[in-house]
Amino acid sequence: MLALMLFAVSVGAVCAFLNLPAGASTSTVSSSTSLVPAVRSGAARGTDPPRNVGRLFIAVVVEVRDDEDRLVAQVTQTQAVLAG
């Protein structure tokens, strides 16, 4: 379970970073993880289109799915945009 959480949080951080304005950095304001069924075999993949990219905050929802396309974890993150 911890590996799925770390994976999803990392994917969310990368998404936020890729949507920052030039010269800005980011810091996590909030993060919530929901774990559903366990991944028993195979791989897990994460998707995370940003839900909102604003001047002050970036909101990301990461969905982690198994090989059978079942939702196994969801992480909702709010990232502050810190001016550089």
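Structural remarks
- Dividing the alpha-carbon radius of gyration of the chain by the rule-of-thumb value 2.2 N^0.38 Å gives 1.13.
- Between 0 and 90 degrees, the angle of helix 2-18 with respect to the longest Cα principal axis of the chain falls at about 30 degrees.
- The Arg45 and Ser25 beta-carbon pair, evaluated with R₀ = 25 Å, returns a calculated FRET efficiency of approximately 0.40.
- Stretching Ser34 away from Glu68 to a fully extended chain increases their span by 10.4 nm, per 0.36 nm per residue minus the current alpha-carbon distance.
- Here is how the number arises for the chain: DSSP H runs of 4 or more residues each give -39500 (n - 2.57), the sum is divided by the residue count, and the result at 222 nm is -7000 deg cm²/dmol.
Quick note: the coordinates plus some simple rules give every number you see, no bench work behind them. Everything numeric here is computed off the predicted structure, so don't read it as measured data. Backbone-built Cβ (ideal geometry, glycine too); neighbour counts: all protein chains shown.
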